[in-house]
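Participant: Provided herewith is a single structure, encoded as structure tokens, for subsequent inquiry.
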Amino acid sequence: MRFSKFIVILLLLGIWANAAAQGSYAHLRSWEGKYPTYNREHRNFFNLPEIQRPLRRLLSQHDYYMLTRGHTKEGPIEIVDNYLRVFMCGSPRSYACDHITLFIIDLNDGSMYAAFDIISDAPRYYSTKGKFTDLPERVRGWRYTERD
């Protein structure tokens, strides 16, 4: 009897934690289809406190600048399998689409992943939880730009 009560309590705590996490990041879904920095509403996705704080702790000052302001081109924010994803490229010195960067947020728990220069000999990966390569291929793969 005690064991079954313990299992029920653990199950309820798990459900509550999942609901709380989704509640914290679910509002980011409203950014789907919008551009992180270039949009009509003059809002910057990277200036949201729940995005900015963890990124400043995760990235060097240079990488933070490149992610949030240093790219010349950016794609719209996409949602793939409950992950928010955006591709960016270019640099302050180039109008070409070099220095391809991928930024991902897990909407379940808010963990963040960034990959810089993903199509190069020396890509750089950052994550607040686990490794970038732990993400599903469908989410982290640069080939997947549309939903299947």
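Where a number appears in this text, it was derived from the coordinates with a stated rule and is not lab data. None of the values given here were measured: they were computed from a predicted structure. All Cβ positions, glycine included, derive from the backbone under ideal geometry; neighbour counts span all protein chains shown.
Participant: Can you tell me, using C-alpha contacts under 8 Å and at least 6 residues apart, the relative contact order of the range 77-136 as a whole percent?
Facilitator: Values: 105 pairs, mean separation 13.4, N = 60.
This gives 22 percent for the range 77-136.
Participant: Can you compute the modelled spin-label distance between Asn44 and Cys97, with each label point 7 Å from Cα toward Cβ, in nm?
Facilitator: In this crude spin-label approximation the distance works out to 2.4 nm.
Participant: Name the shape class, rounded, prolate or oblate, that the alpha-carbon gyration tensor gives for the range 54-114, where a ≥ b ≥ c are the square roots of its eigenvalues, rounded holds for a/c under 1.5, and otherwise prolate holds if a/b is larger than b/c and oblate otherwise.
Facilitator: Here the range 54-114 falls in the oblate category.
Participant: Which FRET efficiency, nearest 0.05, do Arg56 and Asp109 yield, Cβ-Cβ r, R0 22 Å?
Facilitator: 0.70
Participant: Which loop-located chymotrypsin sites (Phe, Trp or Tyr not before Pro) does the range 26-68 contain, where loop means any DSSP state but H, G, I, E or B and the Cβ has at most 15 other Cβ atoms within 10 Å? Mind dumping the intermediate values first?
Facilitator: Values: sites: Trp31, Tyr38, Phe45, Phe46, Tyr64, Tyr65; in loops: Tyr38.
Within the range 26-68, the qualifying chymotrypsin sites (Phe, Trp or Tyr not before Pro) (loop, at most 15 other Cβ atoms within 10 Å) are Tyr38.
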